[in-house]
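Just below is one structure, and these are the notes that go with it.
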Amino acid sequence: MDASETVGEDSRGYDGGKSRDGRKRHILTDTDGLLLEVTVTTADVHDSKAAPALLETFMDQPGRLVKLVWVDSAYQGPALAKAFARHGVRIEVVRRSDGQRGFVVLARRWVVERTLSWLSRSRRLNRDHERRADHHQQMVWWAATIRLSRRLAGDAPRWPEKRPDRLARARA
């Protein structure tokens, strides 16, 4: 995601694939899209380089158990395979069909994209304003906690037509 001028040059990078200057969030979610772990790196760090540390951070906590992880094709390489094997985690790479062009929803990959979209609803995460990467990481946890608490309370944001009391106020 793009970084504001408050983010120092030492903690930002340039992702040529997305033409972005700033930092990158790497997340691990469950099958419902709930955040399990997050790490923030400079944007020039490739996904396959950040993933082993993300997995290690998650698995270092007692009681953590992951058996299967679905990843896209960027999450490959010997360091990542070694990290997954060390914890007995099986990986399945979700690939596009040969010759496929344009946007197509791929099985299981949409879960992470949806989580990133939910997190982006938090205004503080639309642009990176934090001077330190660990502060931005805590902002991501904060946004995920708000999302989870709203989900538990059954108070997820709804479209206006699902809330007639708001429609009446809007017309008045």
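Taking all protein chains into account, the per residue accessible area for the range 51-111 stands at 68 Å² (1.4 Å probe).
Working from label points 7 Å from Cα in the Cα-to-Cβ sense, the ALA53 to GLU113 distance is 2.7 nm.
Spin-label model, LYS67 to ASN126: label points 7 Å out along the Cα-to-beta-carbon direction sit 4.2 nm apart. Between ASP134 and LEU34, the simple label model (points 7 Å from Cα in the Cβ direction) yields a spacing of 2.7 nm.
The values are calculated or read from the model by the stated rules, or taken from the named source; none is laboratory data. Everything quoted here is computed from the prediction, not taken from an experiment. Every residue, glycine among them, receives a Cβ derived from its backbone with ideal geometry; neighbour counts consider all protein chains shown. Heavy atoms of the whole protein, side chains included, go into the accessibility calculation; ligands, DNA and RNA do not. Shrake-Rupley method; radii C 1.70, N 1.55, O 1.52, S 1.80 Å.
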